[in-house]
Structure formats: structure tokens, C-alpha cells
Ligand code: MSP
């Protein structure tokens, strides 16, 4: 049995609305899930990260209890993704009863296996990052490097995780691509982090944070929000497949989900690499999970900038995807807004790079690529087929199959690296090739010369290609792909209206 392709997004903090940065990671994951669903099965997980001081503080500012606040927001996020054609298989909330029990089971297991110890502790903590920061990381004026906040001074008794015991194994796994980190620059960065003596044992419980999951063996403490969060990737699968875990060894639990576990790829931003590349596998190793059962790859995306800085709730410089989608729905008088923004984020940002976004830029990319290249090719070929009464012309099945295989091979080569940017570039290139093919073949002259057989063969070749393209575009442009199919079948529809 082929393994189910398992892809995840980070789970998002419930302290604000989804912005373009969240939309980007979610869209990449959704696209990959759809690509793999075309050939095998896939499991696409997303959800919400609801505990911790950052969320509690925001709830208080807005005059809600954290539970009320996160209930409201989680609902909104779930709705937003659905409206945007984000087709997840499971949506986890860290406040789900199941997840809370699972997180407790995990921390109890870590303790039982001797991976935790108690310690008095003094450190700096940035609520924006939900992370301890070392003095050397601070920006001028003592601010957290990403969040423009002055960290709090924490002085409490905590349970510590003995990360130092696992650093060597993790270094080895990352060096040998046992856990692959893409792009290479991020992999190098993680290897450097592993050299840093400050990346060492850290506190996994908090004494003064009440909005968290209680530590079962020490009721004065709650579980550090990042532990709670990282284990969503496992707890969601366990919940989805209804696998019992209480009182069981984790390796037995994993055996029950071996058709989907481990994650094939975690999509995440560069700001949370340390947690995913170092802490997450270290916890799994500490629980006795074998090396071949660790996440296989981390795909680290760049940041969408706005006004030159990372878009973030803390800085308040967000661009909201709904606004852009709504604008294009209106301008095109269709529901194509989703696909237009989707295309933009997948095409504009080479995986791993940063990108800036403005509505004008989305418009430019829409006109020059979707309208002029993709839409134009489809309408030109179909228009011609209609004019010459060759709407049913196709090349013979065997030839069509060979063509399909050739295109699949090219796409697979790019998708093996999860490179949706390059895969889309290839599809665009095929559209352009058809355009050039028309110029060279000059079907109108064939018609004039009465060379009908050759005309039919040519048009058939292009129509077959359009059918293949309509299918191949589906994961990237789910809605438009449907319109492409209808167009090729003779419906009177407009693919990408000019604006
Ligand atoms: N809750 C944690 C993740 C826990 S995963 C076990 C978190 N949440 S977040 O809501 O702050 O960010 C979630 C993801 O969105 C991160 O991968 C982050 O990199 C990404 N982005 C947030 N702002 C972004 C941009 N401006 N651009 C691209 N991605 C951005 O971190």
C-alpha cells in the first residue's frame, strides 16, 4: 500500500485574522495536497494554536475570556479557509479536548522516560515570539529581533527538557538529509544553531501562564505553548483515525497510523525553523520514536513583506487575502479571485525567497500571465477549433497517453522537490509553446490550401494538450481548471476576463 502523502501548515496563533503570510503557507500546502491526491491519497492538516500568553493577552485586551475569544476566531479562520477553497482533511484546535489529553500524555511520557528535570530559572521571554530569547539575540534597545517588544524577565521553577542529549543525533539526521531542510540556506542555518551553546536544554512548562494545558504531574504548571503546538501534528492524526493512546507505548500508537505517519513535509516560515528542525525531532527521539519515523522534510518559506517589513499582527502592517480576492471577483465579474491570488503567491515567490505584495503587482501578474498567456492560448485554440468545426478533434489515445506521460514526468521532477513555483512555470511554458506552434504551423493557410487532414491533426494535437493542461492546472487553479475543462468541451465561458 502506498503511504498517504501527509502535509501540514503551521497552526496559527489565534490572536488576529488570517493575513497574506498565513494564506501563503496554507496555499502551498493545499496545492501539494491536491497534487498528491491526483496520484495517491493525501492528508492535509491545518489548524489553530490557541494557548499561551500571546493569545490570552489579546483576549483580555478585547474583553473576552481566552476560550470565548479563541472559539470566535477559530470559527472565523475555518470559514475563511473554506471560502478560499482550502481543502484540508483535518482542522485541529489545540483547545480540543482530545488534543489536551494527548499533550498531557506526551509530557507525562517525556517525564517517565527521564527526559525532563526540574530547575529554578531566570530568563528573558518574548510573548510575541512565545519564546525565550538570549541576550545576544536582542536588537538595539533590548528589543526582540522580530517583534519590537521588550522581553519579560522570568524567574520561576520550571521543568526542563534535556535537549543537549539529542543535539548530536539531530545534527547527523540533518546533515544526511534524514530530515531534509529546504532550501539549503535554512539547513545551514540550523546546523549553525546546533553549534550554538545557547541552543540547549530549555523549559517546557510555565508556572505563571494559566491559559495552557495543565502539567499532569505538577499542577502549578502548564505546558509550554510550543510543546502543546508541535504535537498537534501527531495528535491530529491520532484523533482523525481514532487511535487509542492512553496507557500505550507511543511506538504502538505510531504503528496504528503507519499508513500516514510520518509527515512527508511540514510547510513553515523561517521564523519558526528552530522549533521544527531541532525541538520537534528531539521530543520525538526522547519519546523513543525511531529515526525513520521522524518528519521527512521541512519546506521553509520566505516572508511576505509589506512596507519592507515582515507582515505580522504584532507590527500591524497586514495585507488581508479576502480584500484582494474580493477586488478581483468584482473586477472580473467572476469568482476567479481565489485562483488569481493563489496563482500570484505560488508564482511570484520562488520557494524560500521573500516577496513584497501590492494589489497592483497582483494585477500585473494576472494580466501578463493568466490573461495573456494561459487564457489567450485556451481561447485561441478553442476559437479556432470552433471556427473550423473541429471541436472534437483529438490525437489518438495512445499518442495522447505518451504526451501525458511526458508532461507528468516533467512535473514530477519538479514536484519531487515540492517546487510548485517551477511546476507552474513549466505549465506556463507549455501554454506559450502552443502559441508559438500556432504561429509556425499557420493553420489558416492549411485551411486555405484545403489541407484538411493536416489541419485536423494539428488542431487535435492542441486540443489534446489543452485537456491535459486543464487537468494539470487543477491543483494550482482549482476553480479555473474546471472552467478550462468546460471551455474545451465547447461551453461558452470566459476563462480569465481582462480587467
Ligand atoms: N503558532 C505558531 C506555529 C506553531 S506550529 C506547530 C506560529 N503561528 S503564527 O500564526 O505566528 O505564524 C504561522 C506561520 O505563518 C509561520 O510559519 C510564519 O512564518 C507564517 N507567517 C507569518 N507571517 C508571515 C509573512 N509575513 N510571510 C510569510 N509567512 C508568514 O508561529
Go through 4, 41, 27, 70 for me and flag whichever is crowded, with 22+ Cβ neighbours inside 10 Å and farther than 25 Å from residue 206 by Cα.
-> 27
What single numbered condition from (1) within 18 Å of residue 352 (Cβ to Cβ); (2) near the ligand (Cβ under 10 Å from one of its atoms) fails to hold for residue 230?
-> (1)
All conditions in (1) out of contact with any helix residue (DSSP H, G or I) (no Cβ under 8 Å at 6 or more places or on another chain); (2) under 20 Å from residue 271 (Cα atoms); (3) assigned to a strand (DSSP E or B) are true of residue 124 except (1)
Of these, 60, 82, which one is without any contact (Cβ under 8 Å) to a residue 12 or more places away in the chain, within 28 Å of residue 337 (Cβ to Cβ) and either surrounded by fewer than 23 Cβ atoms within 10 Å (Cβ to Cβ) or more than 21 Å from the chain's Cα centre (by Cα) (or both)?
-> 82
Looking only at strands (runs of 3 or more DSSP E) that fall completely inside segment 255-333, which ones have 1 or more residues that are modelled with pLDDT of 95 or more?
-> 265-269, 297-301
Qualifying residues in segment 1-18 (those that are within 7 Å of the ligand (Cβ to nearest atom) and in a loop (DSSP other than H, G, I, E, B)) - the one farthest from residue 419 (Cα to Cα) | 11
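For every residue, the table says whether it meets (1) within 14 Å of the ligand (Cβ to nearest atom); (2) part of a loop (DSSP other than H, G, I, E, B); (3) within 25 Å of residue 209 (Cβ to Cβ).
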| position | (1), (2), (3) |
| --- | --- |
| 27 | yes, no, no |
| 60 | no, no, yes |
| 73 | yes, no, yes |
| 78 | no, no, no |
| 82 | no, no, no |
| 85 | no, yes, no |
| 100 | no, no, yes |
| 110 | no, no, yes |
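To keep it simple, each residue is scored yes or no on (1) touching a strand residue (DSSP E or B) at 6+ places or on another chain (Cβ under 9 Å); (2) closer than 26 Å to residue 13 by Cα.
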site: 102; (1), (2): no, yes
site: 113; (1), (2): no, no
site: 119; (1), (2): yes, no
site: 122; (1), (2): yes, yes
site: 125; (1), (2): yes, yes
site: 140; (1), (2): no, no
site: 162; (1), (2): yes, no
site: 166; (1), (2): no, no
site: 177; (1), (2): yes, no
Residues being at positive phi and within 8 Å of the ligand (Cβ to nearest atom): count how many of those fall in segment 274-293.
-> 0
If we keep only residues of segment 186-241 that are without any contact (Cβ under 8 Å) to a residue 24 or more places away in the chain and in contact with a helix residue (DSSP H, G or I) (Cβ under 8 Å, 6 or more places away or on another chain), then the residue farthest from residue 262 (Cα to Cα) is 191
Based on what the data block shows, is residue 263 within 16 Å of the ligand (Cβ to nearest atom) and in contact (Cβ under 8 Å) with a residue 12 or more places away in the chain?
-> yes
Take residue 271 and decide whether it is surrounded by 18 or more Cβ atoms within 10 Å (Cβ to Cβ), touching a residue at least 60 places away in the same chain (Cβ under 8 Å) and away from the ligand (no atom under 15 Å from the Cβ).
-> no
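The values are calculated or read from the model by the stated rules, or taken from the named source; none is laboratory data. Keep in mind the model is a prediction, meaning the values are calculated, not measured. With ideal geometry, Cβ positions are generated from the backbone for all residues, glycine too; neighbour counts draw on all protein chains shown.
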